[in-house]
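This report refers to the structure that appears directly beneath it.
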Amino acid sequence: MKRIFTFLILLATGTITPVFLKAQEVVKGKLDFLKGTTEMKVVFTYNKLIVGEDGREASYIKRRKAEKEAKEPGSGAAWEQSWFADREKHYEPSFIELFKKYADITLSKDSTPKYVMVVNTRFIEVGYNVAVSSRKAAINLDVEIFDQANMKKSICKVMMDDMKGGKGQFATGLRIGDAYAKAGKELGKMISKKIDD
């Protein structure tokens, strides 16, 4: 208690300054090399994904499957299949669409242009929507851009934290998809600004 009181006194007197992290920040390289780029390949990864308070994605899936099975036997497997399908159905298309709108750069999964964008999801907060309460979904991403000729070392890296999505949707995939749309929009705006400066 004494330590907390001392900390609050120091904070109030300005001896300690709180640190506020930016929601998106270039942590490696610069983005101006993308000037004139009209297309990039995009790869989405979900390495070491943490989901809400469950920790590892596998723990979240195990808990949710058990809950579904307890309510309706046989529904757990269908829920798991839907959880993974939402990536291609909602998350990735939402990111791609809004990124193109704001950066004027087309992202394609199949093309082979000069640059490759790798979007790795580190964290997902699924949010919820019940009759009397709701919480927005949110995601944290690492976005790295590589030269196609050298996929071992990225040219630049952007960290995107607390990209919040839908609040009103009952479907998890739509809520989280809105968070990806927000991330695509913010990254597109950032790149557009950097290459126009």
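The values are calculated or read from the model by the stated rules, or taken from the named source; none is laboratory data. As the structure is a prediction and not an experimental result, all values here were calculated from the model. Cβ sites come from the backbone with ideal geometry, for glycine too, and all protein chains shown count toward neighbours. For the accessible areas, the whole protein counts, side chains as well, though only heavy atoms, and no ligand, DNA or RNA atoms are used. Shrake-Rupley method; radii C 1.70, N 1.55, O 1.52, S 1.80 Å.
When the chain is fully extended, how far beyond the present Cα-Cα distance does Lys48 get from Lys89, taking 0.36 nm per residue of separation? All intermediate terms of the calculation are to be shown ahead of the outcome.
Numbers: separation 41, 0.36 × 41 = 14.76 nm, distance 2.11 nm.
Separation in residues times 0.36 nm, less the Cα-Cα distance, equals 12.6 nm.
Got a number for carbon plus sulfur as a percent of the chain's accessible area, 1.4 Å probe?
Numbers: 6470 of 11830 Å².
Solvent-exposed carbon and sulfur of the chain make up 55 percent of the total.
Residue ranking by accessible heavy-atom surface, 1.4 Å probe, largest first, among Phe146, Phe95 comes out as Phe146, Phe95.
Measuring against 20 Å, Cα to Cα, the residue pairs Lys35/Lys101; Lys100/Lys153; Lys153/Lys189; Lys100/Lys185; Lys101/Lys136 contain Lys100/Lys153; Lys153/Lys189; Lys101/Lys136 as the ones spanning a longer distance. Here the contact order of the chain, divided by its residue count and restricted to Cα pairs under 8 Å and six or more residues apart, works out to 28 percent. The helix-only estimate of mean residue ellipticity at 222 nm for the chain, built from DSSP H runs of length n ≥ 4 each weighted as -39500 (n - 2.57), is -12500 deg cm²/dmol after division by the residue total.
In the chain, taking the dipole from charged Cβ atoms about the Cα centre, the farthest positive-side position among Gly165, Phe123, Gln148 is held by Phe123.
FRET efficiency for Ala58 and Val26, Cβ-Cβ distance as r, R0 = 30 Å, nearest 0.05? Each step should come with its number before you reach the end.
Details: r = 32 Å, r/R0 = 1.05.
The calculated FRET efficiency here is 0.40.
Of the trypsin sites (Lys or Arg not before Pro) in the range 88-134, the ones in a loop by DSSP (not H, G, I, E or B) with at most 14 other beta carbons within 10 Å are Lys109, Lys114.
Legend: calculated FRET efficiency, Ser133 to Ala77, from the Cβ-Cβ distance at R0 = 35 Å, rounded to 0.05, equals 0.75. Taking every protein chain into account, the accessible area of the chain amounts to 60 square angstrom per residue (probe 1.4 Å). Given +1 at the Cβ of Lys and Arg, -1 at the Cβ of Asp and Glu and no other charges, the dipole of the chain around its Cα centre is 420 debye to the nearest 20.
For Rg and Dmax of the Cα atoms in Å, the listed values are (i) 21.7, 72; (ii) 19.7, 60; (iii) 26.1, 79; which was obtained by calculation from the structure presented? Given (i) 21.7, 72; (ii) 19.7, 60; (iii) 26.1, 79, the calculated one carries the label (ii).
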